[in-house]
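*Asks:* Just dropping this structure here.
The numbers here are math on the coordinates, done by the rules we state, and not lab data. Values in this document were obtained by computation on a predicted structure and should not be read as measured data. Positions of Cβ are backbone-derived with ideal geometry, glycine not excepted, and every protein chain shown enters the neighbour counts.
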Amino acid sequence: MTLTTLLLAALLAAPLAATQAPVLTPSALDSDPAGWVDLLADPGLKSWTRVPLGAVGQLPAGDTSSPSPWKLGATDGTLVCEGDKAGHEMFRFDPEFGDFILHVEWRFTRLEGAPPYNAGVYVRTSADGAIWHQAQTGPAGGYLFGNTLVNGTPQRVNLRDAMKENRVKPAGEWNTYEIRAVGKTLSLWVNGAVTSECTTCDVPRGHVGLEAEGYRIEFRQLKVKRIG
């Protein structure tokens, strides 16, 4: 086979490789359902705390003296966030975690038009939300970003451009996220495949939480499994 033939074959194969579907894997919860802790098991949500966050665009800063937008369904165990009726805030689970897997299923309430649905899932986040790592939820896709520590100094990091693919389903449909935190590596699994990964997280532990950011969103099957 000539060099020209080899080069032509490589050029023809490249687009095919680029468009190949990712290798799908089951969720960690489905693969091994033992050892998980249900973070929504308490109907009174006593281990959860509202944390006000700063204003974002037209969304005002959070005000924890206002009525809570977080409500747990009495029958189906679904946590509803009426983010359209509140300012910007985090719903923080009080115990901290180091190495773990967080499983959560979520969906936005569908609206007319094409609104920029927005919310997120926090991991290894400080109690006041100043240092945070988030898995973005919304039509832009599932990716990691945050305000992390780099050599001890807070620095904004956004991995949207490095997202492997957009696997997020349209508003009104349930999505499944799993965030795995082990050592310095955070990875985000979305509906069957890993889409985002950070390998330089210098924050060894912190809180998990959920974000209210202007839209109504539901969460269910919110469970964590410690590693190690």
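*Asks:* Read through the labelled values [x] 138; [y] 169; [z] 119 and report the label of the one computed as volume of the Cα convex hull per residue in Å³ from the structure.
*Replies:* [y]
*Asks:* Taking the chain as a Gaussian network, where each spring joins two C-alpha atoms under 10 Å apart, which residue of T49, T148, T176 fluctuates the most?
*Replies:* Per the Cα network of the chain with a 10 Å cutoff, T49 tops the list.
*Asks:* Among all the aspartates and glutamates, which ones have a C-alpha under 19 Å from K85's C-alpha, if same-chain residues fewer than 8 places away are not counted?
*Replies:* Straight-line reach from K85, under 19 Å: D63, E112, E211, E213, E218.
*Asks:* Given only helices, namely DSSP H runs of n ≥ 4 each adding -39500 (n - 2.57), what is the per-residue ellipticity at 222 nm of the chain, to the nearest 500 deg cm²/dmol?
*Replies:* It comes out at -2500 deg cm²/dmol, rounded to the nearest 500.
*Asks:* Hey, in the GNM for the chain with a 10 angstrom Cα cutoff, which one of Q136, Q58, Q155 fluctuates hardest?
*Replies:* Per the Cα network of the chain with a 10 Å cutoff, Q58 tops the list.
*Asks:* Here is a follow-up. So, with +1 on the Cβ of K and R and -1 on the Cβ of D and E, and no other charges, what is the size of the charge dipole of the chain about its Cα centre, to the nearest 20 debye?
*Replies:* Charge dipole, the chain, about its Cα centre: 220 debye, nearest 20.
*Asks:* Where is the GNM fluctuation largest for the chain (alpha-carbon springs, 10 angstrom cutoff): E173, E213, E165?
*Replies:* Evaluated over the chain, the most mobile residue of the options is E173.
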